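**Student:** After the structure tokens below, expect a handful of questions from me.
The values are calculated or read from the model by the stated rules, or taken from the named source; none is laboratory data. Values in this document were obtained by computation on a predicted structure and should not be read as measured data. Because the Cβ atoms are built from the backbone with ideal geometry, glycine has one as well, and the counts that use them run over all protein chains shown. With ligands, DNA and RNA removed, areas are computed over all heavy atoms of the protein, side chains included. Shrake-Rupley method; radii C 1.70, N 1.55, O 1.52, S 1.80 Å.
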Amino acid sequence: MHTHPYLDLQQGNLESYCMMVPKKEALQWYRQGWLAHYAVGLSRSDANRAWMIYRLMRFQRDILLFNRPVLLTDKSVVGRTITGFSTHLGTYGMGGPGFFGLLLDTDEYLVYTAWYAGFYTLLDGRPIEVHPQTENNVCGWFCNFEQGWDDLSPVLNGCKITGCTFAEHGCTLSLEKGGATHVLEFVRQDGRIPLNCGEARSAYESGTITDYLMFQHKDAWLVV
């Protein structure tokens, strides 16, 4: 049986991109290219059996929608303002892959869809996150392990994106806020990232970084 492309995206690490909305709001999302679950070959009962991935549809009230995420290469972020971030985007049902995302003033995230992407994202040369088992003097900007800390929000939130450049395995965003400039980098591998258990790890194994940078509506979710 043929599987609809929206249920098997083959886009970086992604399997699907979905969102639950009230039925009364469905038309506005259809106009933006979203398709209902039944239009991609997924029945309500099948979707509800996989509730840990898709979440439960409330009878006669909700509808599950699917789409394909827009890649960063197809949509500019220059001029956008960063209003927040998340280090735990994405799901596989029982947990998540730890995608890192910048929440923009368009109510969508710019997401790096590499597993544990916060470890492969740097702000001003310092990793967003550092593995708690790493034995070195490098401290990440953010940590939600045990007591944790957040040095990132005061610097990142409110920054305007003034530039975006790509390399094969890297993407650099130029940021500005209050006259101060910052550089945010998405990388595959970098010497500034501490070794993990004595090994240098890569964010992804195949493709280029442009396959892993995409947009997600703040109320939607990415499935791996």
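**Student:** Rounded to whole Å, give me the distance from the Cα center of segment 25-65 to that of segment 80-117.
**Tutor:** Result: 22 Å between the Cα centres.
**Student:** Right, next: Work out, in µm²/s and without decimals, the Stokes-Einstein translational diffusion coefficient of segment 138-224 at 37 °C, 0.692 mPa s, Rh from Kirkwood over C-alpha pairs.
**Tutor:** 212 µm²/s
**Student:** Right, another one. Determine how large the accessible area of W51 is when every protein chain is in place; take a 1.4 Å probe and give Å² rounded to the nearest 10.
**Tutor:** 130 Å²
**Student:** Let me ask something additional. Taking the Cβ of H217 as the centre, find all other residues whose Cβ is under 9 Å away and add up their charges (Lys, Arg: +1; Asp, Glu: -1).
**Tutor:** Net local charge, H217 excluded: -2.
**Student:** Just to confirm a number: summing +1 for Lys and Arg and -1 for Asp and Glu over residues other than Y54 whose beta-carbon lies under 11 angstrom from that of Y54, what do you get?
**Tutor:** +1
**Student:** To the nearest 20 Debye, how big is the dipole of the chain about its Cα centre, given +1 on the beta carbon of each Lys and Arg and -1 on that of each Asp and Glu?
**Tutor:** My answer is approximately 880 debye.
**Student:** Give me the dipole magnitude in Debye, nearest 20, for segment 1-110 about the Cα centre, with unit charges on the beta carbon: positive for Lys and Arg, negative for Asp and Glu. Intermediate results must be reported in sequence, preceding the final value.
**Tutor:** Numbers: 11 positive and 9 negative charges, 78 e Å.
It works out to roughly 380 debye.
**Student:** As an exercise, take the mean of 1/r over every pair of distinct alpha carbons in the chain, invert it, and state the Kirkwood radius in angstroms.
**Tutor:** 18.5 Å
**Student:** Taking a ≥ b ≥ c as the square roots of the eigenvalues of the Cα gyration tensor of segment 72-194, is the shape rounded (a/c under 1.5), prolate (a/b larger than b/c) or oblate? It would help to have the intermediate numbers written out before the result.
**Tutor:** Numbers: a/c = 1.42, a/b = 1.29, b/c = 1.11.
The shape class here is rounded.
**Student:** Tally Lys and Arg at +1 and Asp and Glu at -1 over the other residues with C-beta under 10 Å from the C-beta of C159: what net charge comes out?
**Tutor:** Summing Lys and Arg as +1 and Asp and Glu as -1 gives +2.
**Student:** Per residue, how much accessible surface does the chain expose to a 1.4 Å probe? Answer in Å², no decimals.
**Tutor:** 51 Å²
**Student:** At 0.36 nm per residue, minus the direct Cα-Cα distance, what do T208 and R44 gain on full extension? Give it in nm, one decimal, please.
**Tutor:** Additional length available on full extension: 55.5 nm.
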